[in-house]
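The values are calculated or read from the model by the stated rules, or taken from the named source; none is laboratory data. Quick caveat, the model's predicted, so the values are computed rather than measured. Note that we place each Cβ from the backbone using ideal geometry, even for glycine, and neighbour counts take in every protein chain shown.
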Amino acid sequence: MIITKLNLEDSLPLTCTRAGTCCHGKTVFLNPWELANIANEKKLTVTKFAETYCEWGGIKLKFDGDSQFKNQSACSQYIENFGCSVHLGRPLACRLYPLGRQIQHEKAQYIHQGKEFPCLASCPDVVELPKMTVEEYLQDQSTKTYESGQDLYLEVMQQLADIAFELYLDSGLADSGNRETLVQWEKLGELSPEELPKTIRTDWLIALTFPDIEEVKNPEVFIHTHANTLFTKSQTEFGSIQTMKELETASILTMAIALQLARSIGANPKELSEHWVKTAKKHL
Ligand code: SF4
């Protein structure tokens, strides 16, 4: 796949107002705040929304709508002849589309995938639309808050991985000769999106995906509260661990949680787990 990197001043045909063709056959992830936000917009509890409209443990929107476009089913939130039923609460992926975003050297880089322009295959006339700069488009779609949320969760993910490292490297577990933990870290990265959440204990999966936080409108407050809840839970549970077996279990569990969060923000769990195993091995 060809990835085209964009500058903020690049001008592209981003003025499409046609509701819907791009809401078919896509993969749309939700980080835990986006899930709470979209559920709020739908006026449902987070668990009810996830149960009804999400898969992969609540991190991906189902695309099982009745509407079809080129044999691809619509997003579960799409309404024929209307468009998005949760427009104000739509997640970052939808706000950015047809652009993507990746972090390189701690800086956001906007991209699009495809030789000329991603919408071309579905809507060839898109190139005739008036153009807009990338910067104008981001403003128009109000992406800023959603991008900050994504970046904050990236930090939480790294901090969770750090806890998994501490439980392995700083606890005496690695020094005891244990290598099974690293084998399991790597295996977690290879699990399918359906299998990975099943490896996470229910109370942790709830704490990760459905935190009980009322402040939904402010992602910064929501995510800081969420992170504190997760770190307090890990301190309470792992602080008094006595045996090597318990340390191994705790490290593997924390890595699974970090990888599940990683997938919800669009990162690749396989690449991450390989990278983290490699890093841990350097410290042995
Ligand atoms: S959430 Fe809304 S904008 Fe996003 S894919 Fe679904 S229907 Fe389309």
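Here is a check on your reading of the model: is Asp162 assigned by TED's automatic domain parsing to the domain that holds Ser264, assigned to a helix (DSSP H, G or I) and without any contact (Cβ under 8 Å) to a residue 12 or more places away in the chain? Criteria met by Asp162.
Going by what's in this entry, would Glu194 be described as at pLDDT below 95 and outside any helix (DSSP H, G or I)? Spelling it out, it is not the case that Glu194 is at pLDDT below 95 and outside any helix (DSSP H, G or I). Contact annotation: no residue pair with Cβ atoms under 6 Å, 6 or more positions apart or on different chains, pairs a residue in segment 259-284 that is within 15 Å of Tyr168 (Cβ to Cβ) with a partner that is of a type in the set (Val, Ile, Thr) and modelled with pLDDT of 95 or more.
Looking only at segment 199-215, residues that are within 17 Å of the chain's Cα centre (by Cα) and touching a residue at least 60 places away in the same chain (Cβ under 8 Å) come to 6 in all. Look at (1) surrounded by fewer than 17 Cβ atoms within 10 Å (Cβ to Cβ); (2) in contact (Cβ under 8 Å) with a residue 40 or more places away in the chain; (3) closer than 19 Å to Thr249 by Cα and you find that Thr133 fails only one, number (3).
Once segment 49-65 is narrowed to residues that are more than 12 Å from the ligand (Cβ to nearest atom) and among the hydrophobic types (A, V, I, L, M, F, W, C), the residue that is nearest to Leu14 (Cα to Cα) is Ile59. Inclusion of Thr229 among residues that are touching a helix residue (DSSP H, G or I) at 6+ places or on another chain (Cβ under 7 Å), surrounded by 14 or more Cβ atoms within 10 Å (Cβ to Cβ), among the hydroxyl-bearing types (Ser, Thr, Tyr) and under 30 Å from Gly89 (Cβ atoms) is warranted.
Filtered by the rule that a residue be in a helix (DSSP H, G or I) and surrounded by fewer than 24 Cβ atoms within 10 Å (Cβ to Cβ), segment 236-261 gives Thr236, Glu237, Phe238, Met244, Lys245, Glu246, Leu247, Glu248, Thr249, Ala250, Ile252, Leu253.
Across segment 1-26, the number of residues qualifying as of a type outside the set (D, E, K, R), within 12 Å of the ligand (Cβ to nearest atom) and in contact (Cβ under 8 Å) with a residue 60 or more places away in the chain comes to 5.
Among what's in segment 116-160 and is of a type in the set (Gly, Ala, Ser) and within 17 Å of Cys94 (Cα to Cα), pick the residue that is modelled with the lowest pLDDT. Within segment 116-160, the match that is modelled with the lowest pLDDT is Ser122. Restricting segment 80-111 to residues that are over 18 Å from the mean Cα position of the chain (by Cα) and either in a strand (DSSP E or B) or over 28 Å from Tyr53 (Cβ atoms) (or both) leaves a set whose member that is nearest to the ligand (Cβ to nearest atom) is Cys84. Taking the criterion of being surrounded by fewer than 21 Cβ atoms within 10 Å (Cβ to Cβ), within 11 Å of the ligand (Cβ to nearest atom) and not in a strand (DSSP E or B), the residues of segment 66-79 that qualify are Ser67, Ser76. Taking segment 24-40 only, how many residues are of a type in the set (A, V, I, L, M) and outside any helix (DSSP H, G or I)? Residues that pass the stated criteria total 2.
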